[in-house]
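This report concerns only the one structure given below.
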Amino acid sequence: MMRILLGLTIVATGMLLLAGCHGDAGALRPAINFKFAEGTTLPSMPDNYPLVISGDTEVDLPDTEDSIASITWTQSPAGAGTFASTNTIGTSWLSADLPAGTRNNPVTLVLTITTAKGGKVTAPINLLVSDAATLNPVIAFAPGLDGSTVNEQAGVNLAPTVTYTPGDRPLSITWTQAPANMGTFTAPNDQNTGWASKDIAVDTDVILTIKVTTALGGVATQSVTLHVDAL
């Protein structure tokens with residue numbers, strides 16, 4: 001068996017593998033192990049976000065004297081998106097813009113490979129594509145926190161709830177404050193953090209904001225305003 005690594009068009013480092021290829025019966029049928037860009041989460045994905053199929057995808061040819069004759073990408077339904085290239089294994093695919101509120105629109109990308117000796121395999125990638133806005137997480141602070149008063153240099157606990165789309169997960173969390181340098185977060189990249197103001201001369205309102213991005217491309221921000229009393 002001969003294994004070919006096709007470093008074509010796009011180089012990516014993801015190690016997510018898919019099997020389940022099917023094709024003509026017989027000893028000449030190739031086998032394909034797809035690899036994707038690092039962080040790819042399938043089958044769910046947002047619209048207008050590129051799915052990168054790595055040029056490091058592996059193609060196994062059972063006959064060491066055989067070679068790849070043709071490479072073709074197709075999609076169903078037709079017009080569901082656009083391939084960067086339809087005749088290289090390494091490529092990317094971008095979904096068409098979906099109507100607002102669309103969830104889990106089924107799309108199948110199919111790679112077909114034929115060989116010089118008559119081998120053939122078709123390998124599907126099944127996707128569920130959603131309007132990106134529907135993938136945004138929902139952030140909520142505890143009732144009564146917004147607009148509340150704290151003393152300068154007194155710590156406050158920030159522990160908002162974050163609700164994700166099923167199957168999604170947080171990719172990054174960032175806390176910011178305005179005015180900048182008004183105080184200090186104990187864990188500026190965690191969902192739950194403490195915050196305390198610095199020593200201030202006059203009463204000041206501060207806006208604390210959490211931003212969450214997700215593996216499926218969701219983004220959400222939520223802010224809370226605190227009135228800080230100077231002592």
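Derivation of every value follows stated rules applied to the coordinates shown; laboratory data play no part. Since this is a predicted model, take the numbers as computed values, not measurements. Reconstructed Cβ throughout: ideal geometry from the backbone, glycine too, with neighbour counts over all protein chains shown.
Values as computed for the structure displayed
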{"quantity": "Segment ALA230-VAL202, length gained on full extension (0.36 nm per residue, minus Cα span)", "calculated": "9.6 nm"}
{"quantity": "ASN157 paired with THR88, simple spin-label distance in nm, labels 7 Å along Cα-to-beta-carbon", "calculated": "5.4"}
{"quantity": "Local electrostatic count, ALA201, Cβ distance below 13 Å [Lys/Arg +1, Asp/Glu -1]", "calculated": "-3"}
{"quantity": "Mean separation of Cα contacts under 8 Å, 6 or more apart, over the residue count of the chain: relative contact order %", "calculated": "18"}
{"quantity": "Extension gain (nm, one decimal) between SER148 and THR221, 0.36 nm per residue minus Cα-Cα", "calculated": "24.3 nm"}
{"quantity": "Using θ = phi - 60° and Karplus 6.51 cos²θ - 1.76 cosθ + 1.60, couplings along region 114-119 (whole Hz; Gly, Pro as x)", "calculated": "10, 10, 4, 9, x, x"}
{"quantity": "Among PRO46, VAL59, ALA100 the positive-end extreme of the charge dipole of region 45-106 (Cβ point charges)", "calculated": "ALA100"}
{"quantity": "With at most 13 other Cβ atoms within 10 Å, longest stretch of the chain clear of loop trypsin sites (Lys or Arg not before Pro) (DSSP)", "calculated": "1-102"}
{"quantity": "About the Cα centre, charge dipole magnitude for the chain (Lys/Arg +1, Asp/Glu -1 at Cβ), debye", "calculated": "600"}
{"quantity": "Cβ-based charge dipole, the chain, positive-most Cα from ASN157, PHE141, ALA84", "calculated": "ALA84"}
{"quantity": "Positive minus negative residues near PHE185 (Lys, Arg vs Asp, Glu; Cβ under 15 Å)", "calculated": "+1"}
{"quantity": "Charge tally in the Cβ shell below 15 Å around SER223, where Lys, Arg are +1 and Asp, Glu are -1, SER223 excluded", "calculated": "-1"}
{"quantity": "Rel. contact order, % - alpha carbon contacts under 8 angstrom, at least six apart, region 136-229", "calculated": "39"}
{"quantity": "Positive-pole candidate from VAL212, LEU171, VAL129, dipole of region 119-231, charges at beta carbon", "calculated": "VAL129"}
{"quantity": "Region 37-52 - phi-based ³J(HN,Hα) in whole Hz, Karplus 6.51/-1.76/1.60, Gly and Pro as x", "calculated": "4, 4, x, 5, 10, 10, x, 6, 7, x, 6, 6, 9, x, 8, 9"}
